[in-house]
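Peer 1: Below is a structure I'd like to ask you about.
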Amino acid sequence: MFERFTADARLAVDEAQIVARESGSVEIGPAHLLAGLVKTGGGVLAELGVPADEIAEELARTRRRGGVSDADAEALTEFGIDVEQIVERVEQTHGAGALAGRLGPAKRGHIPFTQQSKKTLELSLKEAVRLGDKHLGQEHILLALAQQRGTDEVLTRHGADLAMLRQVVQRRKAG
């Protein structure tokens, strides 16, 4: 499948691996793929005016909280649960980043993809085929991420839901 990736799409996957390694993750998840896309800049997100730095910050907050998204944290607040306070207490006891997925020593070389990331890459290929493209670019990965639980919420909060992304990709393809 990777032979069909454009240079920019390969760069985004490479960046996802770097983000995963830097965060101490032993696998590359969809949030790492989104972070990799954001790190490469440009593309559909830039065209929509989506602030890459805000997405990167939100993804970092979510990692620090052990996967609890901003939306989840807000919902828990309604029940009187302060996620930030819990994270701070855990970090006081176990050190900074204790919930961030530091499940093992930093790996050299290849870091495997989670099942959900594999599904994301499969959806990316389906998006490319659906659009009649012979290559798989960042836009296809982005469309797939907009369909994955967690990354879809992040994108939607920043004005880049699936319908909007499809419109932009179609417009770019036509022009």
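Peer 1: Write down the accessible area per residue of region 1-132 in Å², having rolled a 1.4 Å probe over the full set of protein chains.
Peer 2: Accessible area per residue: 56 Å².
Peer 1: Another question, if that's okay. For residue 113, enumerate residues with amide H under 5 Å from its amide H, sequence gap 5+ or separate chain, H modeled in the peptide plane.
Peer 2: Answer set, sorted by chain and number: 28.
Peer 1: Let me ask something additional. To the nearest 500 deg cm²/dmol, what mean residue ellipticity at 222 nm is calculated for the chain from DSSP H runs of n ≥ 4 alone, each contributing -39,500 (n - 2.57), summed and divided by the residues?
Peer 2: Computed mean residue ellipticity for the chain: -19000 deg cm²/dmol.
Peer 1: Separate question: For a Förster distance of 35 Å, can you work out the FRET efficiency between the beta-carbons of residue 6 and residue 157, rounded to the nearest 0.05?
Peer 2: E(calc), rounded to 0.05, equals 0.80.
Peer 1: Would you please give the residues with an amide H less than 5 Å from that of residue 136, counting only those at least 5 places away or on a separate chain, with H modeled from the backbone geometry?
Peer 2: Residues meeting the criterion, in which the H sits 1.01 Å from N, are 5, 6.
Peer 1: Another one. May I ask you to derive the relative contact order of the chain, considering only C-alpha pairs under 8 Å and at least 6 residues apart, and to give it as an integer percent?
Peer 2: Dividing the mean separation by the residue count of the chain yields 30 percent.
Peer 1: Equivalent-ellipsoid semi-axes (√(5λ), Cα gyration tensor) for the chain, whole Å, largest first?
Peer 2: Taking √(5λ) for each Cα gyration eigenvalue gives 29, 19, 12 Å.
Peer 1: Further question on the same structure: Could you tell me how many cubic angstrom of Cα convex hull volume region 1-83 has per residue?
Peer 2: Normalising the Cα hull of region 1-83 by residue number yields 109 Å³.
The values are calculated or read from the model by the stated rules, or taken from the named source; none is laboratory data. This one's a predicted model, so the numbers in the text were calculated from it and none came from an experiment. Reconstructed Cβ throughout: ideal geometry from the backbone, glycine too, with neighbour counts over all protein chains shown. These accessible areas exclude ligands, DNA and RNA; they are computed on the full protein's heavy atoms, side chains included. Shrake-Rupley method; radii C 1.70, N 1.55, O 1.52, S 1.80 Å.
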